Amino acid sequence: MAARGFRFYLGHFVGKLSYAMLRALGKNATYFPGDLAIKICPDYLFKIGKPEKVIAVTGTNGKTTVCNLLSDILTSEGYSVMNNHAGSNTNSGIATALMK
């Protein structure tokens with residue numbers, strides 16, 4: 001894993017704080033927290049920890065639905081699953097999902 005510096009921790013803290021505030025206001029907070037973290041630390045996605053195993057779903061339509069179905073199935077079988085339920089599959093959306 002890359003060395004994490006002040007900018008990473010500041011971006012992570014600000015992103016998590018914005019996530020908590022947006023959720024308290026009843027918002028989804030799928031994009032903005034990750035966007036803040038990346039603006040503060042441009043290599044945030046490189047430095048944040050990632051899962052050991054990844055299942056990638058590609059295609060034109062239905063990716064979010066398929067991912068949510070896979071997540072539900074694996075969770076019901078006792079696996080620990082991280083999923084971007086909102087389907088915000090941009091760098092900012094992925095950063096938000098990883099920061100949660």
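The values are calculated or read from the model by the stated rules, or taken from the named source; none is laboratory data. Quick caveat: nothing in here was measured; it's all calculated off a predicted structure. Using ideal geometry, Cβ is built from the backbone for each residue, glycine included, and neighbour counts are taken over all protein chains shown. Calculation scope for accessible area: heavy atoms of the full protein, side chains included, ligands and nucleic acids excluded. Shrake-Rupley method; radii C 1.70, N 1.55, O 1.52, S 1.80 Å.
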Subset of the range 57-78 (residues that are among the charged types (D, E, K, R) and either assigned to a helix (DSSP H, G or I) or under 30 Å from Gly5 (Cβ atoms) (or both)): Lys63, Asp72
When residues of the range 1-13 are limited to those that are at pLDDT 90 or above and open to solvent by less than 40 Å² (accessible area, probe 1.4 Å), the one farthest from Thr30 (Cα to Cα): Gly5
Residues (in contact (Cβ under 8 Å) with a residue 12 or more places away in the chain and not in a helix (DSSP H, G or I)) located in the range 41-56: Cys41, Asp43, Ile48, Gly49, Lys50, Pro51, Ile55
Residue in the range 32-40 that is of a type in the set (Val, Ile, Thr), open to solvent by less than 100 Å² (accessible area, probe 1.4 Å), closer than 27 Å to Phe6 by Cα and in a loop (DSSP other than H, G, I, E, B) present: no
Hits in the range 47-67 (condition: of a type in the set (Val, Ile, Thr), closer than 21 Å to Gly34 by Cβ and open to solvent by 60 Å² or more (accessible area, probe 1.4 Å)): Val54, Ile55, Thr58
Some residue of the range 21-31 being farther than 17 Å from Thr90 by Cα, open to solvent by less than 60 Å² (accessible area, probe 1.4 Å) and either assigned to a helix (DSSP H, G or I) or modelled with pLDDT of 95 or more (or both): yes
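Rundown of residues vs (1) farther than 29 Å from Ser18 by Cβ; (2) polar (S, T, N, Q); (3) open to solvent by 60 Å² or more (accessible area, probe 1.4 Å); (4) assigned to a helix (DSSP H, G or I), yes/no style:
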residue: Ser80; (1), (2), (3), (4): no, yes, yes, no
residue: His85; (1), (2), (3), (4): no, no, yes, no
residue: Asn89; (1), (2), (3), (4): no, yes, yes, no
residue: Gly93; (1), (2), (3), (4): no, no, no, yes
residue: Leu98; (1), (2), (3), (4): no, no, no, yes
